[in-house]
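Participant: What follows is a structure written as structure tokens; I'll ask about it next.
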Amino acid sequence: MDGIKQQIHARQIEAMENKHVYKTRKIKREMRSELDKLKDHNMAAINDVKKEYDNKLSKEQRDLEVGLIEIRKKNKNILADEKKRYERLIEEVKLSHEQKMTEMKLSQEKEMEKTKMAHKDYLDNLQEKFEMEKAKLES
């Protein structure tokens, strides 16, 4: 009977070992399943954060591009205004130069006319003196 008890005991031990192996495998499967769920959840959270970051980055880039476009437009307007102002200044300087040249020509013409008149007066006076002296000498 001792052999039968040993066999029964061996079967009980084997059954307990099988039960233990089954429970261990079940726990491992549950842990693996839970780990997979956690991994999936974490990956989803990472993807959400990445999407949010990408969206913020895209929005920031769009905002910066809009700002850059506005600055370029403003700069273009400023440059156009400055060009117009510069052209007006050039026109004013040219006009002023022409006026001064005209004034100088008129002034020179007046000076020449005065000089001619003075010379003519001088010659006329000399002619008169000559005529008077000639008349004195003839009389």
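Rule-based calculations on the coordinates, nothing more; no lab input. Note that the coordinates shown come from a computational prediction; the quantities given were computed from them, not determined experimentally. For neighbour counting, all protein chains shown are included, and Cβ atoms are generated from backbone atoms with ideal geometry for every residue, glycine included.
Participant: Determine whether the stretch 111-126 contains at least one residue that is within 60 Å of the chain's Cα centre (by Cα) and part of a helix (DSSP H, G or I).
Facilitator: Scanning the stretch 111-126, I find at least one residue that is within 60 Å of the chain's Cα centre (by Cα) and part of a helix (DSSP H, G or I), so the answer is yes.
So that you can scan it fast, the table gives a plain yes or no per residue for (1) among the polar types (S, T, N, Q); (2) surrounded by 10 or more Cβ atoms within 10 Å (Cβ to Cβ); (3) not in a helix (DSSP H, G or I):
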position: GLY3; (1), (2), (3): no, no, no
position: ASP48; (1), (2), (3): no, yes, no
position: TYR53; (1), (2), (3): no, yes, no
position: SER58; (1), (2), (3): yes, yes, no
position: GLY67; (1), (2), (3): no, yes, no
position: ARG72; (1), (2), (3): no, yes, no
